[in-house]
Amino acid sequence: MNEIEIIICLILLFMGVPDLCRVLRRPSLAYPVFVLFGLLLAPIAHADVRQMLVQAGQVGFLLLLFEVGLEIDLPKFRDFLPTLRRAALWALVQYPVILALGQLAGLQWLGCFIACAAFTGCSVGMGYLGWKHYPGLTDEPRRRVLLLMLALEIIAIVLLAGETALFEKGLSWFVVLKLAGIGTTVYLISRFAARLDSVFNLILKTATHWRMHLIVLAVLIICAVGDRLGLAATKTAFFLGLFMSRIEHDGQPLEDFIAPISRRFLIPIFFFALGLQIEWQYLFSVTGVVAIATAALLIGWRLVIHCRIVATGGDDRSFLLLCPNLTIVALASHTLLTAGNAPRAAAWMVLVGLFMTIPAILLLPKVSLADTKQPAH
């Protein structure tokens, strides 16, 4: 398929996939479905078209992580510390299983630890509506579950920031300096978050025709600066959203103003391109079998952890809220594809993310029709 034919397919998907998922009352399935369509079209997509979409999708991924960070309303550190400890225990008891399966999938040890961080992370945006409408949770257990989801996402991204630096450059003084740059960048973003709030509020209040473009431009400039200081642009986008309070204008959150270019265009392109990068040979090989086995084993092990070791709150199915992890897996697999040039390992990682995220979302209670108007991310 050439460029124009792929663009025609993408426009049809932009129009059809969100509406289909809303009809199914599963809006969080939209992005996994884009990955699946990318997988389906991968064998017939021209290499130049694939590369073009991969490059365009990188900007979409920046905006995705920025919006995910915006959604996280962090409590005070003292109140959040017990949840961080519980999240760390939840993740660590899964590490031996993931390390063993990562070795089976052909990853080196550092790659296995990247997989551990990715698989134990939680895509809060994809599970948020399921959490919001999960039946049988009283106020306090519901709050504890959300804080655990937030903690798992934050821990995963922080770990990936350091692990990917080691994966790309190896252990050296340069990596030590880069990690110091990462810490400095995160500190600077947190230190100047209030001023950045003022900048974005000024754009929302004064700009009209170019409002969306100026917001996206501001995010990209900050991400470019963070990348120069040592923190990857994707992670800079996440921390930028994380340290900024939820900005609203006329009752609408900031992410709604950039939705036409982010949620409805560039972010779907990223997930579509992610599917395009997975060769079909991996689906029908040991890699695909190991991916299915990994996802099934991890979901089953999490049920045991939830019932016996670290209760998440709620009933026997509430642990499924912690299982959607596709955005975190996408971040890790991107490193393997670009820095490590390891398509087989990246394919395994993406497939595990898909096989965990889609069943988890399908097994959660359906979202009410009134709440399917806003596409989840």
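The values are calculated or read from the model by the stated rules, or taken from the named source; none is laboratory data. Please read all numbers here as calculations on a predicted model, not as lab measurements. Don't worry about glycine lacking a Cβ; one is built from the backbone with ideal geometry, like all the others, and counts go over all protein chains shown. With ligands, DNA and RNA removed, areas are computed over all heavy atoms of the protein, side chains included. Shrake-Rupley method; radii C 1.70, N 1.55, O 1.52, S 1.80 Å.
With an 8 Å Cα cut-off and a minimum separation of 6 or more residues, compute the relative contact order for the chain in percent.
So the answer I get is 34 percent.
Summing Lys and Arg as +1 and Asp and Glu as -1 over all other residues whose Cβ lies under 10 Å from the Cβ of Pro365 gives a net charge of +3. With a cut-off of 8 Å between alpha carbons and a minimum separation of six or more residues, what is the relative contact order of segment 256-364 in percent? The value is 34 percent. Normalised per residue, the accessible area of segment 1-69 is 43 Å², obtained with a 1.4 Å probe and no contribution from ligands, DNA or RNA.
For Thr287, what charge total do you get from the other residues with a beta carbon under 15 Å from its beta carbon, if Lys and Arg give +1 and Asp and Glu give -1?
0
Evaluated at q = 0.11, 0.14 Å⁻¹, the base-10 log of the normalised Debye intensity for segment 269-362, with identical point scatterers placed on the Cα atoms, takes the values -0.35, -0.54.
Of the accessible area of the chain, computed with a 1.4 Å probe over protein heavy atoms only, carbon and sulfur atoms account for 66 percent.
Matching the structure-derived Kirkwood radius over Cα pairs in Å against the labelled list [x] 21.6; [y] 20.9; [z] 22.5 gives the label [y]. The residues of segment 253-310 expose, per residue, 40 Å² of accessible area to a 1.4 Å probe. Taken one residue at a time, the phi angles of segment 251-262 give Karplus couplings (6.51, -1.76, 1.60, θ = phi - 60°) of x, 10, x, 4, 5, 5, 6, 9, 4, x, 9, 9 Hz. Gly and Pro are set to x.
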